[in-house]
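Structure record follows, encoded as structure tokens.
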Amino acid sequence: MRTHEKKEGYGYLMNWAVRIGDLVAINGIIFLYFCFFGDNLSKEYVSFDHKEEMILFLFVNLIYFVTSFFVPLRLSLNVIHIDKVVQNSLYFVILYCTFLTCTLLLFNIITHLSLKWIAFCAVLILMYTVWHVLFRVFLKEYRRKGYNFKTVVLVGAGNNGAEIYNELKGSDYGYKVLGYYDDKPDEEHKDFLPKYLGTVNDLTENRPGDLDEIYCTLFNRDAEIKSLIALSERNMLRFFIIPNFYRYTKRKLSLSVLNTIPILSIRQEPLQYLSNRIIKRTFDIIFSLAVLCIIFPTIYIIFGAIIKLTSPGNVFFKQKRTGIKGNEFDCYKFRSMQNNEVANLQSATKGDPRVTKIGAFMRKTNIDELPQFINVLKGDMSIVGPRPHMLSHTDMYSSIINQFMVRHLVKPGITGWAQVTGMRGEIETVEDMVKRVQKDVWYIENWSFFLDLKIIFLTGFNMIRGEEKAY
């Protein structure tokens, strides 16, 4: 067997294998559905002969390829984590089910949305996602055994070279790093770099025969970089430049182009896109309406009565908080403290004498936050986002933490990534706030609809379990 064939390990067939597996899964579930419920066609479906069965088969498969134009297949990428596999698979299969249902209704192949059809879509969504996760696990194991990898070399050592080598060397990503080229061996980072292969000229004059990609970390060496780009283009190699500023800021950057000039933003903000903001706002409205109409009235009657009977004052507590772009808004909560003069200056602490007995229970279970769904419906807040702080805290922390105001690039939330990952409760030191801000900024840079759903699930789980730092 030739070396190239062994290295590729039938990698060129991976995407085809996924496509075939997708079609087998979709057609198989459709077939089983009609096998189980075929005797009820006269009740739920237009009676159809073999011609219409062929039309159904055509739609089922044609719509798959139409959906593929909107949601590209990413399973065979060298670097993609399981959560992104799940997210991408769900995007695809939900869109597919939507297209399929609308088409079948339009052509009268199904006459209405029955519970059985909804159950079919749910099963298809589950099975499709599980199949993609299992395939990705198989592919990682396949690459771990030494198949389907890309051969790469590094050009340039130093800290940047060591960092990129650390990212590439994981065998389950499908990279095989042969070594690095530079003017001389890097003794300072030798424990963090692959084998030294020679100077940059050695690469241009005698490149490895099975090389696929070059990763370059050189800086202010224009002539050598240009010769490497020329080498790559002559030999069909993929060439990547690792920017020098990586050592100053290690984060996901957003690349855009102004005419022909590349521009890098220091952070990605998915919620800058109108489509994402529409998705988030639509979910906020539907979810908050459901809570306010179904759950809130009962909670208000029960806990409102207890609050009024156990301590003087209003049922609701209203406080000025900092919202999106630094704007102030009135944040609502069930009152959990005795009326006091420092409520707008001092947060609750462990064993705080201001907290009432029913207030302690509401804080422990997050019930005191329920009125904030009114804020969500008004548009001041979102269900998920960085928690809003008192104005005094905003003034204090914004002067000592550089990233603090970045939190206000999005709407504040009833719950957030910091709260479900251990950063809830009293802020005892500036370092505690720094950690909370870092998690909030990570959320802003990595937002997705499924991340919001994950945070909501974890919040519900913590409410049932109870949180140690909720006081």
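Out of the residues in region 264-274 that are surrounded by 10 or more Cβ atoms within 10 Å (Cβ to Cβ) and not polar (S, T, N, Q), state the one that is nearest to the chain's Cα centre (by Cα).
This residue is P270.
Step by step: first the residues of region 196-228, then only those that are over 10 Å from V153 (Cα atoms) and among the charged types (D, E, K, R), then the one that is surrounded by the fewest Cβ atoms within 10 Å (Cβ to Cβ). Which residue is that?
D222
Would region 345-365 turn up any residue that is of a type in the set (D, E, K, R), under 33 Å from the mean Cα position of the chain (by Cα) and at pLDDT 90 or above?
no
Within region 305-315, how many residues are surrounded by 16 or more Cβ atoms within 10 Å (Cβ to Cβ) and part of a helix (DSSP H, G or I)?
So the count comes out to 2.
Any residue in region 214-223 that is assigned to a loop (DSSP other than H, G, I, E, B), without any contact (Cβ under 8 Å) to a residue 40 or more places away in the chain and charged (D, E, K, R)?
yes
Scan F70, F65, F57 and give me the residue that is modelled with pLDDT of 80 or more, of a type outside the set (V, I, T) and touching a Leu at 6+ places or on another chain (Cβ under 8 Å).
Details: F65 fails: touching a Leu at 6+ places or on another chain (Cβ under 8 Å); F57 fails: touching a Leu at 6+ places or on another chain (Cβ under 8 Å).
Answer to the check: F70.
Return the only residue of R281, R321, R277 being surrounded by 14 or more Cβ atoms within 10 Å (Cβ to Cβ), modelled with pLDDT of 75 or more and in contact with a His (Cβ under 7 Å, 6 or more places away or on another chain).
Of the residues listed, the single one that is surrounded by 14 or more Cβ atoms within 10 Å (Cβ to Cβ), modelled with pLDDT of 75 or more and in contact with a His (Cβ under 7 Å, 6 or more places away or on another chain) is R321.
The values are calculated or read from the model by the stated rules, or taken from the named source; none is laboratory data. As the structure is a computational prediction, the values presented were derived from the model and not from experiment. We place every Cβ from the backbone using ideal geometry, glycine too, and count neighbours over all the protein chains shown.
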